[in-house]
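Asks: One structure, pasted below without further comment.
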Amino acid sequence: MAAGAAAVALAATPAMAGNPHFIASQTRVSLVGMDLSVKFKEAGLESGSQVTVELSAHLEATYQCINKGGNNPADPKKTTVDTDVAANAPFTVPKNGNLVGTINLPAPAAADVLDCPGGQTSTLTEVTWSMLELNDLTTGAYLALPGTYSAGATVGKGK
């Protein structure tokens, strides 16, 4: 009788996927301009479920006031940012329980970081992204992404 009750209990339980995890070999990091972009695959998910995936990273960035000639003026104004940033996005898991998605992580907008005098524009000129991590905030799946990703260069002083 106990075996019969166990069989009924198992039959009444919805089919659950097991062991949610990111597949490192199918995860790609790239820079889109100065922003970070990660294409990932997560497996072992329940078909049709909703998950929220977060990309976090450490950012070192340089923002400069650039004049119309494309130079950093003789009285250079610049700000460096050294901070942790994150972005997340919701996803619906397809029928096969494998999710393929992309998350973009932009650097803070230049106008929000550095206030420049008239005739100059606040510009993000250099970034270095490191300590990248993917976290499924719904299932707890986690993947550390090795490497450092850099773009841009500090603009020199003009005449």
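The values are calculated or read from the model by the stated rules, or taken from the named source; none is laboratory data. This structure is a prediction, so every number in the text was calculated from the model and none was measured. Cβ: placed from backbone, ideal geometry, glycine included. Neighbour counts: every protein chain shown. Each accessible area value is taken on the protein alone, full model and side chains, heavy atoms only, with ligands, DNA and RNA left out. Shrake-Rupley method; radii C 1.70, N 1.55, O 1.52, S 1.80 Å.
Asks: Here is a check on your reading of the model: is residue 52 closer than 30 Å to residue 138 by Cα, open to solvent by 30 Å² or more (accessible area, probe 1.4 Å) and touching a strand residue (DSSP E or B) at 6+ places or on another chain (Cβ under 6 Å)?
Replies: For residue 52, the condition - closer than 30 Å to residue 138 by Cα, open to solvent by 30 Å² or more (accessible area, probe 1.4 Å) and touching a strand residue (DSSP E or B) at 6+ places or on another chain (Cβ under 6 Å) - is met.
Asks: Read through the list (1) of a type outside the set (Lys, Arg); (2) closer than 15 Å to residue 152 by Cβ; (3) in contact (Cβ under 8 Å) with a residue 60 or more places away in the chain, then give the number of the only condition that residue 104 fails.
Replies: (2)
Asks: Does residue 71 satisfy being in contact with a strand residue (DSSP E or B) (Cβ under 8 Å, 6 or more places away or on another chain) and crowded, with 16+ Cβ neighbours inside 10 Å?
Replies: For residue 71, the condition - in contact with a strand residue (DSSP E or B) (Cβ under 8 Å, 6 or more places away or on another chain) and crowded, with 16+ Cβ neighbours inside 10 Å - is met.
Asks: What number of residues within region 129-159 are buried (at least 16 other Cβ atoms within 10 Å of the Cβ), closer than 23 Å to residue 53 by Cβ and not acidic (Asp, Glu)?
Replies: Count: 10.
Asks: Separate question: Of all residues in region 20-38, how many are in a strand (DSSP E or B) and either loosely packed, with under 14 Cβ neighbours inside 10 Å or of a type in the set (Ser, Thr, Tyr) (or both)?
Replies: So the count comes out to 4.
Asks: Tally up the residues in region 75-101 that are under 30 Å from residue 116 (Cα atoms) and not charged (D, E, K, R), please. Break it down stepwise before answering.
Replies: Of all residues in region 75-101, those under 30 Å from residue 116 (Cα atoms) come to 75-87.
Next, only the ones that are not charged (D, E, K, R) stay: 76, 79-81, 83, 85-87.
Adding up the residues that qualify gives 8.
Yes/no matrix, rows are residues, columns are (1) farther than 13 Å from residue 37 by Cα; (2) in contact with a strand residue (DSSP E or B) (Cβ under 6 Å, 6 or more places away or on another chain); (3) modelled with pLDDT of 95 or more; (4) among the charged types (D, E, K, R):
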site	(1), (2), (3), (4)
79	yes, yes, no, no
82	yes, yes, yes, yes
88	no, yes, yes, no
114	yes, yes, no, no
118	yes, no, no, no
126	yes, yes, yes, yes
142	yes, yes, yes, no
